[in-house]
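The structure appears below as structure tokens.
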Amino acid sequence: MRAVIVGAGEVGYRIAERLSRENKDVVIIDRDPAKTRRVRDTLDVEVLEGTGSSPSLLEQSRIRDADILVAVTDSDEANIMACLFANVLSPKTIKIARIRNPEYLAYRSLFSHETLNIHQIINPESEVVKKIVALFDAPGAIDVLRFSEGKVHLIGVEVKKDSFLAHKKLSDLGGTDFGANMLVGAVIRGETMIVPGGEYVILPGDLIYVVSSTEVKRNVLRVLNLSADPVHKVIIIGGGHLGRSLALHLDKTHVHTRLIDSDENRCRDLANTLERVTVLRGDATNQDVLLEEKVQDADVLVAATGDEEKNILISLLAKQMGVPRTITRVQRFSYIPLTARLGIDMVVSTHLAAIDATLQFIRKGKVMSVAALKGEYAEVIEVVVQEPSDILGIPLKTLKFPKGALIGAVVRGDSVIIPDGHSVIQSQDRLLIFALREAIPAIERLLME
């Protein structure tokens with residue numbers, strides 16, 4: 001595969017890093033000398049300095065040989081223009097563009113027109129809003145992901161000392177409610193991600209990712225000692241792209257929502273746009289402001305400003321004041337593994353959302369969705385198995401599946417199957433596969449070529 005990436009910011013850099021690690025052919029374009037220098041110094045990819053919307057530079061990148069173009073600069077207009085010229089030069093190349101402006105998104109059908117022929121619009125804020133709403137449905141969870149149109153849930157939870165799972169071997173859970181309805185697909189212990197086998201022993205402090213069908217989600221929450229109480233009161237800090245998107249979503253619900261932002265003009269605009277959500281002007285890093293707004297009465301506080309250090313500070317202040325749960329927007333990948341040590345409950349990232357949406361098109365085969373776990377340690381890949389395939393009709397216990405990978409769920413029509421060694425894969429089954437990043441090339445060879 002050959003990929004041309006326009007934009008060497010955090011998202012473009014991380015996509016290039018991941019693809020180069022998998023020995024894919026990558027070209028990255030950016031006009032900022034500091035960003036291109038970072039890429040040259042750290043990644044084994046081709047680097048072109050200049051504007052990605054330049055037809056001559058796209059020619060230089062050999063766009064006609066590229067399978068995919070990913071335009072992820074900070075400018076919607078630059079991303080659109082890069083796709084426009086790429087379409088003129090190479091109509092067959094798959095084109096993906098990050099677009100955040102709500103005015104453009106209101107006319108997203110125009111982007112699929114043959115003039116632009118953009119195959120995927122990435123709007124990270126809308127993806128993160130979905131993630132936040134999913135977290136509302138599983139109070140106490142650290143991470144929640146949905147797959148197969150919501151039929152399958154993946155819930156990340158920290159194992160407490162008093163949990164019945166503590167010090168249990170996974171193979172010993174088969175006869176319990178846990179073993180019958182759910183499966184541990186991945187574990188994070190310290191800084192290490194593990195795809196566990198039956199002999200794995202769960203320890204207090206492990207972050208486990210449990211896969212189950214939606215029908216038994218309440219039972220899952222009960223088994224994991226998580227609350228199933230609905231969220232009634234939410235405070236959003238920050239009225240930028242993410243805060244605004246979340247407020248617009250909650251504005252259509254009966255969740256009592258308040259949004260705090262320090263910018264007077266932004267507050268005025270939001271107040272004129274939102275009907276149910278209360279908009280307040282103030283600096284949320286000031287503890288007196290949080291006290292005045294009685295943040296301790298909220299079920300959840302979402303720190304969604306564009307400044308991640310500020311978000312972390314606000315979340316820690318809110319926790320200290322008694323807010324039961326906080327959701328914190330963090331962009332820098334180096335921060336994500338450290339947040340749990342700081343006492344941060346849940347982390348969301350628009351950068352990670354953009355990468356996940358892009359990987360869906362980069363992975364080989366009929367991939368429906370991709371999600372990274374805990375930063376970049378591993379991926380959950382949802383793929384449809386098509387004929388011919390070497391895994392069809394074979395019990396899983398006899399299948400030589402790549403080390404570091406596990407089939408966590410099988411969706412067959414409307415049924416969700418938590419597989420065991422006797423399960424047999426059929427054509428058109430949807431598989432939810434947990435894979436450490438070093439196992440992904442082998443997964444692609446086995447399932448997706």
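The values are calculated or read from the model by the stated rules, or taken from the named source; none is laboratory data. Because the structure is a prediction, the values reported are computed rather than measured. FYI the Cβ positions are ideal-geometry reconstructions off the backbone, even for glycines, and counts take in every protein chain you see. For the accessible areas, the whole protein counts, side chains as well, though only heavy atoms, and no ligand, DNA or RNA atoms are used. Shrake-Rupley method; radii C 1.70, N 1.55, O 1.52, S 1.80 Å.
Counting only Cα, what are the radius of gyration and maximum Cα-Cα distance Dmax of the stretch 178-301, in Å?
Over the stretch 178-301's Cα set, Rg and Dmax evaluate to 19.8, 58 Å.
Given points 7 Å out from each Cα along the Cα-Cβ axis, report the residue 108 to residue 169 separation in nanometres with one decimal.
4.8 nm
By what distance, in whole Å, do the Cα atoms of the stretch 1-149 stretch along each of the three principal axes, largest value first?
50, 37, 26
On average over all directions, what projected area in square nanometres does the stretch 43-100 have, based on the convex hull of its Cα atoms?
Working: hull surface 16.0 nm².
Projected area, direction-averaged: 4.0 nm².
Translational diffusion coefficient of the stretch 373-449 at 25 °C, 0.890 mPa s, Stokes-Einstein with Kirkwood Rh over Cα pairs, in µm²/s as a whole number.
On the way: Rh = 12.7 Å.
Answer from the Stokes-Einstein relation: 194 µm²/s.
Suppose all protein chains stay in the model; what accessible area per residue would a 1.4 Å probe give for the stretch 62-193, in Å²? Spell out each step's value before the answer.
Numbers: 5830 Å² over 132 residues.
The answer is 44 Å² per residue.
Treating the Cα atoms of the chain as identical point scatterers in vacuum, please give the log10 of the normalised Debye intensity I(q)/I(0) at q = 0.06, 0.07, 0.10 Å⁻¹, two decimals.
Each listed q corresponds, in turn, to -0.27, -0.37, -0.77.
So if I take the centroid of the Cα atoms in the stretch 85-122 and the same for the stretch 393-449, what is the distance between those two points in Å?
If we compute the Cα centre of each part, the gap is 33 Å.
For 160, 151, 403, write out the residues from largest to smallest accessible area, computed with a 1.4 angstrom probe and no ligands counted. Intermediate results must be reported in sequence, preceding the final value.
Details: 160 110, 151 55, 403 195 Å².
Greatest to least solvent exposure: 403, 160, 151.
Of the accessible area of the chain, with the probe set at 1.4 angstrom, what percent is carbon plus sulfur? Don't jump to the answer; show the numbers that get you there.
Values: 9450 of 19590 Å².
The computed percentage sits at 48.
In debye to the nearest 20, how big a dipole does the stretch 370-410 give about its Cα centre with +1 on each Lys and Arg Cβ and -1 on each Asp and Glu Cβ? Please list the in-between numbers first.
Working: 4 positive and 5 negative charges, 53 e Å.
The calculation lands at about 260 debye.
With all protein chains present and a 1.4 Å probe, how do 107, 200 order by accessible area, largest first?
Working: 107 140, 200 30 Å².
Reading off the accessible areas and sorting them downward yields 107, 200.
At 1.4 Å probe size, with every protein chain present, just tell me what the per residue accessible area of the stretch 326-449 comes to in Å². Show your work: numbers first, answer last.
Numbers: 4990 Å² over 124 residues.
Per-residue value: 40 Å².
Show 64, 363 ordered by accessible area, largest first, where the area counts protein heavy atoms only and the probe is 1.4 Å.
On the way: 64 115, 363 5 Å².
So the residues, ranked largest to smallest area, are 64, 363.
In the chain, if the dipole is taken from +1 on Lys/Arg beta carbons and -1 on Asp/Glu beta carbons about the Cα centre, which of 255, 378, 142 is farthest to the positive end?
Farthest along the dipole direction, towards plus: 378.
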